[in-house]
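What follows is a set of notes on a single structure, which appears directly below.
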Amino acid sequence: LRVFASDVPGTIQSINNARKSSSKPAPSPAADPASPSAADVELLRILVSNNEPPAGFDPLVLPAPVSFDKFTIVPLASWSNGTKRISVFSLVSNNGATAVVSPPQFYREGVAAVMVDGDSIDANTSPTLFIVEDEAQ
């Protein structure tokens with residue numbers, strides 16, 4: 001399997017001085033109703049700021065890692081409150097391969113918000129991926 005970038009709704013948020021992605025700018029929330037809601041972005045902010053999930057979220061069993069051509073997505077943690085699921089993954093290079101990633105690559109049906117704390121994966125760099133999903137999906 002190969003991961004390819006595509007034009008999907010999303011926003012890019014820099015937290016803790018993370019490098020800005022070189023991908024094209026995402027549409028503004030006012031222009032695109034499918035953009036992450038403020039509540040979903042707030043869930044990510046709380047998780048990253050406090051290094052723990054928001055109140056009311058319980059831990060889930062982690063899925064198996066998923067390997068792509070140049071990198072593997074390794075689950076680190078996942079929580080749910082019954083309506084939203086927050087997951088944290090490490091993006092790890094396969095055999096020292098280099099890949100460029102951006103949040104829009106990880107959107108699919110049911111994904112409400114995505115944040116990646118870096119835009120390149122290589123032998124020395126493993127960005128962290130944060131995803132908020134709607135449980136109903």
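Relative to the current alpha-carbon distance between residue 45 and residue 83, full extension at 0.36 nm per residue lengthens the span by 11.9 nm. Each label was represented as a point 7 Å from its Cα along the Cα-to-Cβ direction; for residue 100 and residue 125 these points are 1.1 nm apart.
None of the figures in this text is laboratory data; all of them are computed from the coordinates on show. Note that the structure is a prediction, hence the values are computed from the model and not measured. Ideal geometry is used to build each Cβ from the backbone, glycine not excepted, and the neighbour counts take in all protein chains shown.
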